[in-house]
Every structure is written in C-alpha cells, then in structure tokens.
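Scroll down for the structure; my scribbles are underneath it.
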Amino acid sequence: MSRILDLQDRFQTLASAAQYDVCAGGAPPTRTAKRERAARFFYPSRVSGGSRVMLLKILLTNRCANDCGYCANRQERARRYCSFRPQELASLFMDFYRQRRVSGLFLSSAIPDSPDRTMQEMIETVEILRLKHQFKGYIHLKVLPGCSEHLAREACRLASRASINLEVPNAPRLRELSMVKDFQNDLVIRLGLLKEMEEEGLLPDGHTTQFVVGAAGESDAEILATVRDLYETKGLRRAYFSAFNPISGTPLEGIPAENPWRQHRLYQADFLSRFYGFDLAEIPLDEKGRLALDSDPKMAWAAAHPEFFPLEINRAEREELLRVPGVGVVGVERILRARREANLNSLDQLKKLKVITGRAAPFLLLNGRQTVPVVKRRATGHTQVKLQQLSLWDEMAQDGTEHPLAGAAG
Ligand code: SF4
C-alpha cells in the first residue's frame, strides 16, 4: 500500500488526515460543517489573548502502530502511507507563512514505531522553525502518548500550546478502543507533566485535551467528571469534543455516527461549569447520565428550578444573575454597573445591556414587576418555558466575550 508520493500529494494526505484533531470548538453543528472540515487545511482559531490565528493543521506521518478503534490511521487499515521529513515540513510551513496564508502551526502525528522517534522528529521540525527561521508565532504541538518525559519537556520548551488527547474519559472505556495505549501512564500522567511545564512558565497558551464522543459508549456524566478533574488536578486550559464518525476499514465502522448536537451540548455544559458557576451535580442529565439533545442545559436547569425564579434584577447577586437564561457573563457585569446608577425597570434598558430579553424576561422582576408572565402548569405548578436550541450560545455571542471560539486556539 505504501508508495512514494510527491510533496503535493503528501501535503493533501497529511493535512486531510489532521482534520480529526479539533482546534476550535463550540459552534452549533451545521450540515456543511463536516464537508467543509474535510475540504480545507487551514483552520481559524484564537489564542489566549483573543487574537485570531490561521493554522496549518497537519500530521508528520499517517502510519501508526497503535490500534485505536475509531482512527483512520490505525494499524492494518488500508490507506496511503506517507510522511514528511522535518526539513520538508518546516519549509512547507514557511512558504505558507510568507504567503500570509497561515500564521501558526498545529502539528500532530501518528506513531509508526517508537513514540520517541516520532516525537523527536516533531521537535526537530519545530526547532528548525524557531531557530533557523526565527518563527516566533503560535505553535500547537501534540505530545505523543507514551513518549519519554524528557521529550515531552523539550516539546513544551518550543511550543505555545501542547496537548495530549485522552479521547475517552477513563481506563475501562479506553480498553474498549485500544489494547495498546495505557490510560494512566501514557496519557493522564503526561498531562500532569504539561501542568508542571506550564507552572515553570512554558506553554503560554496552556495545555488541552480532546475527547472523541460516542465511540466507547461513554456517558456525558463520565466525560464531564473527567474534564472537571483535569481542570482541578492537571491545570487543563480547556477540553475539546469531537462527535464520533465511523471510518471504513476500522473495527467501529458499523457503529452509527454520534449526533453532532451531543458534542455541542457538551461544550455548553463545559462552559456552564467553567464560567457560570455551575457545579457538576447541577448540570441537568437524564438517568443514563446524558445531556438532553433538544435543550440548552442552562435553560433546562432554569426550567427545572422554578423555586429560584423570578429574580429581582435590581437586587440579585452576580452568581444569581449568571443563572438567568439570556444573560451572559458580560451582560451580568453590565447589569451590575448600570443598576449602581439607577434602577432598571424596562426591557429596553436590558436590551441596551445586551441581554436577550425574549429569553430572560420570564425569569426576572423589574422593580417588582414581571414583564412576561411565566406559564404555570395547572397540574404541577412547575414553571413552563420554551426550551430553546441555541440559547446559551446566542447569549455568549450577544455579550461578546463568550463566543465559543474565544480563547479556543487549537
Ligand atoms: S495513536 Fe493516534 S494516530 Fe495512532 S491509532 Fe491511536 S489515535 Fe490513531
């Protein structure tokens, strides 16, 4: 199956193979997203200061000795194998950089034999960029599972951001997908090492991980619990989620594709936990530990807690306002500032503060007055609200800080 490919062929093959590594996340699924993702090799992303970078996302090689069940590059799957030499890839990147088509690099790789040998070649590629070409821009390096500690450290000295993909939330789930990778030693301990490197002042854009959602039968509760633990114990900057899509010629080819809305709901739940003060136990899950696909988790929480609402907007605490659907993080700050000057008593005032009033009004009192009556179910007395598909994302976009791509550099 192996054959010599020219540089253009190798670029197309290895850039296309890199599509499965996520470098920006959160936007709601669209019909064309998958097609677009497969068709292009340059990816917009944002670094932690908020500035936008266009990344060349590429693999060093697509030949892998590992056996991850969902992966296009796994051993024994028939495909075109190819790789770059470090000098070749560095020159290719610099050509795109000089043409102003890209401003950063996202470099990952499959592992043909020893993780150390491939990691060494990735490091060599970045050394050429940093030392020979004096490239000072954004570089995201994958740290390969199982590579030596000294190479992981070396990668962190050169990279802006590093990542190790867990792909699944725990060791039993990994055993369903791979007999080769060791969850604790190859992955989790290495994430701890990236935390140490960040604490030493390296990795200015932090370290991240990614989950392939729906490949191992895992629940959202398992994923969210692992992500929370990684934030707390491994200093993770953020997690990415990628809905599983079966690939022909892999052991999972017969498993149905995961609903892309599940990936989107996981991002929303993750944002609630990171920015809105929600405890993990407060994220609404069904009895199987799954998020509802048809409702935003913030709206679902509000609908399930009629005892919490309506809130008087002129007196509610910051933490309480963050729970109101249609009010984003910046919206809350604006409300707090505005009401120091004068009481808020109209929806027009709230609109000017970037609150999505159509969503927020049923949950608020303005000077003791409810502008939109909450519908009560006669039988239960529970608050009934329309669960909207995109509300949390709309709210983030509305107040400008919390756009899903903000701070989401790959
Ligand atoms: S180690 Fe990476 S490239 Fe290799 S089979 Fe697993 S996911 Fe694919």
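Just check the stretch 103-247 against the gyration tensor rule for me: Cα atoms, a ≥ b ≥ c as the square roots of the eigenvalues, rounded for a/c under 1.5, and otherwise prolate or oblate depending on whether a/b exceeds b/c. Before the final figure, lay out the partial values.
Working: a/c = 1.86, a/b = 1.56, b/c = 1.19.
Prolate, since a/c reaches 1.5 and a/b exceeds b/c.
Compute the Cα gyration tensor for the stretch 254-380, then decide on rounded, prolate or oblate, letting a ≥ b ≥ c be the square roots of its eigenvalues: rounded whenever a/c is under 1.5, prolate when a/b is larger than b/c in the other cases, and oblate in all that remain. If you can, show how the numbers build up before the last one.
Numbers: a/c = 2.35, a/b = 1.75, b/c = 1.35.
Note, shape of the stretch 254-380 comes out prolate.
Please get the size of the charge dipole for the stretch 180-335, origin at its Cα centre, with Cβ charges of +1 on Lys and Arg and -1 on Asp and Glu, quoted in debye to the nearest 20. Working shown, then result.
Details: 17 positive and 27 negative charges, 63 e Å.
Rounded to the nearest 20 debye, it is 300 debye.
Which residue, Pro246, Val329, Phe308, has the largest displacement toward the positive end of the dipole of the stretch 225-375 when charges sit on each Cβ (Lys, Arg +1; Asp, Glu -1)?
Sorting the options by dipole projection puts first Val329.
If the reach is capped at under 17 angstrom between alpha carbons, list the aspartates and glutamates near Lys354, excluding any in the same chain fewer than eight residues apart.
Qualifying aspartates and glutamates at Cα under 17 Å: Glu333, Asp394, Glu395, Asp399, Glu402.
How fast does the stretch 7-252 diffuse by Stokes-Einstein, in µm²/s, taking the Kirkwood radius from C-alpha pairs at 25 °C and 0.890 mPa s? Display every interim value, and only then the final one.
Values: Rh = 18.1 Å.
The estimated diffusion coefficient comes to 135 µm²/s.
Could you list Phe278, Phe93 so that the one with the fewest beta carbons within 10 Å of its beta carbon is first and the one with the most is last?
Values: Phe278 19, Phe93 24.
The order, fewest Cβ neighbours first, is Phe278, Phe93.
For Arg153 and Gln75, what does the FRET efficiency come to when R0 = 35 Å and r is the distance between their Cβ atoms, rounded to the nearest 0.05? Before the final figure, lay out the partial values.
On the way: r = 28 Å, r/R0 = 0.81.
Result of the calculation: an efficiency of 0.80.
In what sequence, highest mean first, do 287-296, 161-170 appear when ranked by Cβ atoms within 10 angstrom? Don't skip to the end; give the middle numbers.
Values: 287-296: 15.0, 161-170: 24.7.
Descending mean neighbour count gives 161-170, 287-296.
Using 1/(1 + (r/R0)^6) with R0 = 45 angstrom and r between the beta carbons of Asn345 and Ser219, what's the FRET efficiency to the nearest 0.05? All intermediate terms of the calculation are to be shown ahead of the outcome.
Details: r = 45 Å, r/R0 = 0.99.
Calculated value: 0.50.
So for Arg98, Arg173, fewest C-beta neighbours within 10 Å to most, what's the order? If you can, show how the numbers build up before the last one.
Details: Arg98 10, Arg173 21.
Lowest count first: Arg98, Arg173.
Determine, for Met122, Met179, Met197, the number of other Cβ atoms within 10 Å of each Cβ, and report the residues in order from fewest to most. Present the calculation step by step, with values, prior to reporting the outcome.
Details: Met122 27, Met179 10, Met197 21.
If I rank by nearby Cβ atoms, fewest first, I get Met179, Met197, Met122.
Under the 0.36 nm per residue contour assumption, what length would be gained going from the current alpha-carbon distance of Ala65 and Gln12 to full extension? Before the final figure, lay out each step's value.
Working: separation 53, 0.36 × 53 = 19.08 nm, distance 2.17 nm.
Length gained, Ala65 through Gln12: 16.9 nm.
Step through the table entries Lys57/Lys298; Lys142/Lys298; Lys181/Lys234; Lys57/Lys288; Lys298/Lys352; Lys288/Lys351, compare each Cα-Cα distance with 27 Å, and write down the pairs that go over it. Walk me through the numbers on the way to the answer.
Values: Lys57/Lys298 33 Å; Lys142/Lys298 33 Å; Lys181/Lys234 20 Å; Lys57/Lys288 36 Å; Lys298/Lys352 22 Å; Lys288/Lys351 38 Å.
Cα-Cα > 27 Å for Lys57/Lys298; Lys142/Lys298; Lys57/Lys288; Lys288/Lys351; rest within.
Within the stretch 212-227, list the residues whose amide N lies under 14 Å from a label point set 7 Å along Cα→Cβ of Lys288.
Those under the cut-off are 214-222.
Just how far, in whole angstrom, is the stretch 79-110 from the stretch 177-208 if you go by their alpha carbon centroids?
24 Å
Quick note: the coordinates plus some simple rules give every number you see, no bench work behind them. Values in this document were obtained by computation on a predicted structure and should not be read as measured data. Here Cβ is always computed from backbone atoms with ideal geometry, including for glycine, and neighbour counts include all displayed protein chains.
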